[in-house]
Every structure is written in C-alpha cells, then in structure tokens.
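Have a look at the structure below before the remarks.
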C-alpha cells in the first residue's frame, strides 16, 4: 500500500514544492511506495521559478507540478493521507481542514519549519543559493522519513519518529 504524504505551506509555491519534489525523487530512487503531494491554504497559483530551477538542477522531474489548495486533499476521492507536514510557520499556525488517513484514521501531523528562501537577500544569485540550501535541507529530512519502516509503524510511533526528524 502506498504511503501518501501531504506537505503544506501557505502559498504552495516554494518550500512545499521543494518537499514534494525531493520526497518523490528519493522514494522513486529507493524503490519506496511513498507518494508526496503539496498544497497551500492560500495557493499563489504559480510555483516560484527558483524552486523549479533548484529541483531541475538536482535531476528532479517537476512535470505537472502546480500550486493548489489543500481543499483538494479533504475532498471525496483524495488519496488517504498517512502524514501531513507543514513547512512554513504560517501554515503550521492555521486551522487545517480534516484530512482522512484511510484505515489508520487521522494522519500523523508534524511541523518541519524552513525559512522562506524567496526572502533571501543578494538578488537572483542570493535567492538561487537559498533555494538550493533549502532543497538540500529538505532532501535530508525526506531521506530520514524514507528510512522509517512506514508500512509497519502505528500512528503513535510514526508521530514520535517524525517529531525526532524535525529536531535533527
């Protein structure tokens, strides 16, 4: 059974997109049955071009990526979510819709905050550097997530493990 992970950020244009890309990239490379999705509470309608550039430079296919609302994941026909990760402080503070986790009930939820790379100083080169560093930091945590025995963990153990990853 596929483990579905939803990554949230307010605008779904940078950090959540980097997270979706890196988790799907590593899951595919490692042969893991994990599928990442990203969304936002107030989607911008566009993905930051520096996010797409950072992912492309890392060999990540972003075909079909789009900025979308988290409402898509609480609607009928949405994938059963096992994990919900917020990656920006404003999204973490918002009241999320109810997400359903299939046979396990509610998904495990965790906050892994990252500074917004689109606020980096230094012009375009400063932003490129910030996006790349953010992509690397996110990729490291996604590898830790993929190292977990997701198919055998109960929700409580998963919650603890996700929190530990967030503190590393």
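Go through segment 119-154 and give me each residue that's crowded, with 16+ Cβ neighbours inside 10 Å and either farther than 23 Å from residue 58 by Cα or more than 17 Å from the chain's Cα centre (by Cα) (or both). Scanning segment 119-154 gives 120, 127, 128, 130, 148, 150, 153.
Each row is one residue, and each column tells you yes or no for (1) touching a helix residue (DSSP H, G or I) at 6+ places or on another chain (Cβ under 9 Å); (2) outside any strand (DSSP E or B); (3) without any contact (Cβ under 8 Å) to a residue 12 or more places away in the chain; (4) surrounded by fewer than 21 Cβ atoms within 10 Å (Cβ to Cβ).
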| site | (1), (2), (3), (4) |
| --- | --- |
| 38 | yes, no, no, no |
| 43 | yes, yes, no, no |
| 47 | yes, yes, no, no |
| 50 | yes, yes, no, no |
| 53 | yes, yes, no, yes |
| 59 | yes, yes, no, yes |
| 64 | no, yes, yes, yes |
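Answer yes if at least one residue in segment 119-128 is outside any loop (DSSP other than H, G, I, E, B) and more than 23 Å from residue 12 (Cα to Cα), and no otherwise. No; the residues of segment 119-128 include none that is outside any loop (DSSP other than H, G, I, E, B) and more than 23 Å from residue 12 (Cα to Cα). The condition of being in a loop (DSSP other than H, G, I, E, B), modelled with pLDDT of 95 or more and in contact with a helix residue (DSSP H, G or I) (Cβ under 7 Å, 6 or more places away or on another chain) holds for only one of 148, 143, that being 148. Of the candidates 40, 21, the single residue that is modelled with pLDDT of 95 or more and more than 11 Å from residue 146 (Cβ to Cβ) is 21.
The values are calculated or read from the model by the stated rules, or taken from the named source; none is laboratory data. Bear in mind that the values here come from a model prediction, so they are computed numbers and not experimental data. Cβ sites come from the backbone with ideal geometry, for glycine too, and all protein chains shown count toward neighbours.
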